[in-house]
Structure formats: structure tokens, C-alpha cells
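Just below is one structure, and these are the notes that go with it.
The values are calculated or read from the model by the stated rules, or taken from the named source; none is laboratory data. Predicted, not measured: the structure shown is a model, and the values here were computed from it. A quick note on method: Cβ atoms are made from the backbone with ideal geometry, for glycine too, and the neighbour counts reach across all protein chains shown. When the accessible area is computed, the model is the full protein with side chains, heavy atoms only, and any ligands, DNA or RNA have been set aside. Shrake-Rupley method; radii C 1.70, N 1.55, O 1.52, S 1.80 Å.
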Amino acid sequence: MTGLFVTFEGGEGSGKSTQVARLAARLRARGFEPVLTREPGGTPLAEGIRALLLDPARHCGPMSEALLMEAARADVVTHVVRPALAAGRVVLCDRYDDSTLAYQGGGRGLDAGLLATLNRAATGGLLPDLTLLYDIPPELGLARRERAAGDTNRLDREPAEFHARVRRRYLELAATAPERWVVLDAAAGPDELESLGWAALEPRLPRREP
Ligand code: TYD
């Protein structure tokens, strides 16, 4: 039996991590035991890579950044995502390989074809069944994040134009595969976003877990 692979994408401060937790709670209420993970991260090795990647004190060039993201991805896909799907579980992943296409491609300007090749190498070609895009104007997202967290990571600190390019690339990606992507207006409140996310997720659920 194969489970359901759902990924959550969006810019900084889009509220998607809150939505991962809320949709997980809804799934539990329906008797599912979802597996939650995140990128970069999700395994001890990938969490170590995450700490390197997000540290504002470290310089990291675009190609090093992309390759570290992919190294972390290969580990979480092998050790968390694939085994969970093989066991029939619903997997909720906070960011996945589309983040690389949007941030390292749209944001940093690395070649899209190369990044797609690296993504395939890291994931073995595993694609999400559903990708929820929490779309938000960067000014609004970054202001939210500053209010909520106080501290910002290395990528948050990129200029507004970087975040605008990331957003544009996400919207382009969503337009190329509308059967997989659902674009949500993340300026909406958390309750409304939860309802919209659930409306996208629920019809795709496997009939029951093992
Ligand atoms: P995080 O604090 O988890 O941000 P968010 O809450 O917005 O998800 O930091 C993850 C950062 O890593 C985020 O700025 C996006 C970036 N990222 C990439 O640039 N490429 C990638 O492939 C992934 C997975 C993340």
C-alpha cells in the first residue's frame, strides 16, 4: 500500500508551518497517524546540515547551498519519507524539492535544468501527490516573521527582490502542474487557511491506514 505525500511550500512568514500542525491535527481526528517532517532537516544528518545552512554567521555560495539542500534531501527521503509512504502513511513535509527550484533557481539564479536533475538524484524521482503553496507578498510575510520570531535566519535576510523572485518562480511552477499544486492566499487568517488546506487534502486521502 502506498500512502499520500503532501508538501507545503511558500515564502517566509506565510504561516505554512502552523498549517502543517493544524492539518496533522485534523488527520489525527480522522484516525490517521501522519508523519511530519521538514526540509532542510528531518533526520540527524539533515538537521546538522540545516544548522549550517541557516546560520547567519556563515557564508554559503549558491552552488554549495544547493548541494547541501540536496544532501539533506537525499537523507530524509531515504530514511523518513519513502519508508513512511511504503507503510501507507500520510506524510506532511514542510518544504520539499520545489523549494530548491524557487530559492536556488528563482532566488539565486541557478540553472533550472541542473536543479531539476539534482532534485531527481536526491529524491529518486519521488514527487508529491499534493503541494500546497501558501502564497504571500514578501513584504507581508517578512513583517509577520519579524513580529513572530524576533530573529531571522540567513535566507530571511536576503533583499526584498530575492523574495519577490522566489514568489514568482513558485507561481510559475504551480501553473505548470495544476493537478498537483493548490495555491492558497496566505494573507487569509489561519482558520480560513486551514479550511482551504483541508478541502484540498481530504479528497486525496487513502481510504484507511493499515
Ligand atoms: P525555515 O526557518 O524552516 O523557513 P520557513 O519557516 O519559511 O520554512 O528555513 C528554511 C529556509 O531554507 C527557508 O528560507 C527556505 C530555505 N530553503 C531553500 O532555500 N532551499 C530548499 O531546497 C529548502 C528545502 C529550503
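For the chain, what proportion of DSSP beta bridges, expressed in % and rounded to the nearest 5, is antiparallel?
Values: 0 of 19 bridges.
The antiparallel fraction comes to roughly 0 percent.
Mind checking which of Gly105, Gly141, Gly124 has the largest fluctuation in a GNM of the chain, springs on alpha carbons under 10 Å?
Comparing Gly105, Gly141, Gly124 in the GNM, the peak value goes to Gly124.
Does the stretch 81-199 come out rounded, prolate or oblate by the C-alpha gyration tensor, with a ≥ b ≥ c the root eigenvalues, rounded set by a/c under 1.5 and, if not, prolate when a/b is larger than b/c and oblate if not? Please report the intermediate quantities before stating the final value.
On the way: a/c = 1.67, a/b = 1.17, b/c = 1.43.
Cα axes put the stretch 81-199 in the oblate bin.
Counting Lys +1, Arg +1, Asp -1, Glu -1, what net charge surrounds Val20 among other residues with beta carbon under 9 Å of its beta carbon?
Once all neighbours under 9 Å are counted, the net charge is +2.
How many percent of the accessible area of the chain is carbon or sulfur, using a 1.4 Å probe? Write out the running numbers ahead of the final one.
Values: 5300 of 9590 Å².
The C+S portion of the solvent-accessible surface of the chain is 55 percent.
Excluding ligands and nucleic acids, what accessible area in Å² is computed for Asp135 using a 1.4 Å probe, to the nearest 10?
Looks like 30 Å² after rounding.
Any idea what the dipole of the stretch 110-189 comes to, in debye rounded to 20, about its Cα centre with Lys/Arg Cβ at +1 and Asp/Glu Cβ at -1?
Working: 11 positive and 12 negative charges, 25 e Å.
That gives a dipole near 120 debye.
List every residue whose amide H lies under 5 Å from the amide H of Val35, counting only residues 5 or more places away in sequence or on a different chain, with H placed 1.01 Å from N in the peptide plane.
Val90, Val91, Leu92
Residue farthest toward the positive end of the dipole of the chain, with Cβ of Lys/Arg at +1 and Asp/Glu at -1: which of Cys93, Met63, Pro203?
Pro203
Compare Ala46, Ala116, Ala72 in a GNM of the chain, Cα atoms joined below 10 Å, and give the one with the largest fluctuation.
Of Ala46, Ala116, Ala72, the Gaussian network model singles out Ala116 as fluctuating most.
Express the accessible area of the chain per residue in Å², computed with a 1.4 Å probe while the remaining protein chains stay in the model. Kindly include the intermediate steps, with their values, before the conclusion.
Working: 9590 Å² over 210 residues.
Accessible surface, normalised per residue, equals 46 Å².
Per DSSP helix of 4 or more residues, -39500 (n - 2.57); summed, then divided by the residues of the chain. What does that give at 222 nm, rounded to the nearest 500?
On the way: 8 runs with 98 residues, N = 210.
Rounded to the nearest 500, it is -14500 deg cm²/dmol.
Could you pull out the GluC sites (Glu not before Pro) across the stretch 112-210 that fall in loop regions by DSSP (anything but H, G, I, E, B) with no more than 11 other Cβ atoms inside 10 Å?
Values: sites: Glu139, Glu146, Glu161, Glu172, Glu179, Glu192, Glu194; in loops: Glu179.
Within the stretch 112-210, the qualifying GluC sites (Glu not before Pro) (loop, at most 11 other Cβ atoms within 10 Å) are Glu179.
Under unit Cβ charges (Lys, Arg +1; Asp, Glu -1), what dipole magnitude, rounded to 20 debye, does the chain have relative to its Cα centre?
Working: 27 positive and 29 negative charges, 86 e Å.
Its charge dipole is roughly 420 debye.
With unit charges on the beta carbons (Lys and Arg positive, Asp and Glu negative) and the dipole taken about the Cα centre of the chain, which residue among Thr18, Gly106, Thr152 sits farthest to the positive side?
It is Thr18.
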